[in-house]
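Here's the structure we're looking at; comments come further down.
The values are calculated or read from the model by the stated rules, or taken from the named source; none is laboratory data. Here the structure is a predicted model, which means the values were calculated and not measured. Cβ sites come from the backbone with ideal geometry, for glycine too, and all protein chains shown count toward neighbours.
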Amino acid sequence: MLRSPLAFRYIVRPSTWVIRQKSTASSNRRLTNADIPHEFVKLVQEDGKLSEQPVKLASLLQSINQSTYFIELVSEQGSPIVRIKNKKEAMKQEREMKEKKLANRVVIKQIQVSWVISDGDLQHKMSQARKYIEKGDRVWVIYSSKPGQVPPPAQNCTSLVEKVHVLMDDIASVIRVDRLGKSVTSHTTVQYAPKKQNK
């Protein structure tokens with residue numbers, strides 16, 4: 001059985017939504033090399049420990065090959081702290097972070113289903129919905145009547161919703177049900193998520 005309907009909030013027309021998860025990383029780029037506004041800094045050494053005494057930033061810049069390495073300001077709490085980083089490794093880490101952010105996107109696809117629909121049309125729409133789910137997207141199945149169309153009895157509408165649920169049940173879980181009204185014959189949206197992502 002489907003879970004109890006929740007208060008309907010809104011329905012949007014675009015067929016695809018992309019929701020980006022909040023990132024814990026700061027969106028501000030850290031200062032590097034000559035952009036660091038400090039004459040003396042403490043250096044994070046290879047063993048992870050800080051240099052005992054502050055060192056002159058200009059001397060650090062002269063000591064590295066700036067085509068391969070750069071100096072990054074990592075903290076300004078108390079004494080400014082810097083770290084020497086390899087450019088290739090830093091680019092690799094940045095690329096991995098971007099890929100991780102892309103993996104965290106939630107893409108929502110919408111499938112419009114009329115309360116009066118042929119078996120052939122329903123199978124076609126569910127085939128498309130399953131393709132979206134298999135790609136890792138979420139799917140909103142939106143049930144409504146066509147303009148001027150009288151919806152069938154509530155029992156028929158309930159049977160259609162449950163039939164779709166059975167068709168999707170092996171790969172997707174119902175995560176939300178919204179209705180624009182109290183009756184099942186109202187404009188109804190059922191949200192599905194891939195089972196492997198529905199925690």
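Remark: pairs (first residue in region 148-168, farther than 19 Å from Ser127 by Cα; second residue part of a helix (DSSP H, G or I); Cβ separation under 6 Å; 6+ apart in sequence or on different chains) are absent. The helices (runs of 4 or more DSSP H) falling completely within region 44-157 that include 1 or more residues that are of a type in the set (Phe, Trp, Tyr) and surrounded by 13 or more Cβ atoms within 10 Å (Cβ to Cβ) map to 119-134.
From Ala34, Ala103, Ala90, Ala58, which residue is modelled with pLDDT under 85 and among the hydrophobic types (A, V, I, L, M, F, W, C)?
Of Ala34, Ala103, Ala90, Ala58, the one residue that is modelled with pLDDT under 85 and among the hydrophobic types (A, V, I, L, M, F, W, C) is Ala103.
Across region 67-79, not a single residue is classified as out of contact with any Lys or Arg (no Cβ under 9 Å at 6 or more places or on another chain), at pLDDT 90 or above and hydroxyl-bearing (Ser, Thr, Tyr).
Summed over region 158-199, residues that are on the phi < 0 side of the Ramachandran plot, assigned to a loop (DSSP other than H, G, I, E, B) and modelled with pLDDT under 90 total 10.
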